[in-house]
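Data block below; observations after.
The values are calculated or read from the model by the stated rules, or taken from the named source; none is laboratory data. The structure presented is a predicted model; accordingly, all values stated were derived computationally and were not measured. Here the Cβ is made from the backbone with ideal geometry for all residues, glycine too, and neighbour counts use every protein chain on show.
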Amino acid sequence: MKIYTKRGDAGQTSLYRGGQLQKDSPRMAVCGAVDELNSYLGWVRAQGLPAWMEEHLRRVQSDLFLLGADLAAPAEGVKEGDRVLRLEEGSESFLEEAIDRMDAALEPLRQFIIPGGTAAAAALHVARSVCRRAEREVVALSRKETVSPPTLAYLNRLSDLLFTMAREANQIAGVDDLPWNKGDKGRQD
């Protein structure tokens, strides 16, 4: 299979089940945000995570391919009998179970925390921010076009998972979360 097709040279791209869209369309922007998130998760996995985090994020990356396929096959363009890959209802329950397990072992949050700590935690916070942006773009798209309901639920829960994993990564390394102090305006005495 060739990497380049030259079909996108005029600024259009093909949808999963046929049809063409401009590369800067809202649907393609969402697909790009999900792809970017998946790439960031690959970077996160390269940070040296515990094996169970690595396995969870590997599954998440696979789910994001399904989510991307779903977004690239809008319901309006699917013909009866077409087989379309879609993220299943309830896919976010896997994320919720992982969040609940980690949260039970973490110190309860009493205030906002500043993203950072270990390299792994900082990378997880970056991925969380990218996930939130992808979620916002899906919300914007859903106001104009059909988006399958599991997409929003999954991205919303995924950002929660990434936040909790960042806290867990710090705890495993013995690094405290840095609480945000609203009185700290960055002044130096």
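A few remarks follow.
- Against the list (1) modelled with pLDDT of 65 or more; (2) over 23 Å from residue 141 (Cβ atoms); (3) part of a loop (DSSP other than H, G, I, E, B); (4) of a type outside the set (Lys, Arg), the condition residue 44 fails is (3).
- Checked against the criterion of being hydroxyl-bearing (Ser, Thr, Tyr), modelled with pLDDT under 95 and under 20 Å from residue 31 (Cβ atoms), the range 92-102 contains not a single residue that satisfies it.
- Pair list, Cβ < 9 Å and 6+ apart or interchain, from the range 130-146 residues that are closer than 11 Å to residue 71 by Cβ to residues that are among the aromatic types (Phe, Trp, Tyr): none
- Residues that are loosely packed, with under 14 Cβ neighbours inside 10 Å and either of a type in the set (Ser, Thr, Tyr) or assigned to a helix (DSSP H, G or I) (or both) within the range 97-111 comprise 97, 100, 101, 104, 105, listed in sequence order.
- Residue match in the range 125-144 (condition: among the small types (Gly, Ala, Ser), at pLDDT 95 or above and either closer than 17 Å to residue 56 by Cβ or not in a helix (DSSP H, G or I) (or both)): yes
- Matching residues, the range 153-166, being within 14 Å of residue 63 (Cβ to Cβ) and either in a loop (DSSP other than H, G, I, E, B) or not small (Gly, Ala, Ser) (or both): 154, 155, 156, 157, 158, 161, 162
- Test: residue in the range 52-67 that is modelled with pLDDT under 95, touching a Phe, Trp or Tyr at 6+ places or on another chain (Cβ under 8 Å) and not in a helix (DSSP H, G or I): no
- The condition of being touching a Ser or Thr at 6+ places or on another chain (Cβ under 7 Å), surrounded by fewer than 20 Cβ atoms within 10 Å (Cβ to Cβ) and hydrophobic (A, V, I, L, M, F, W, C) holds for only one of 126, 139, 175, that being 175.
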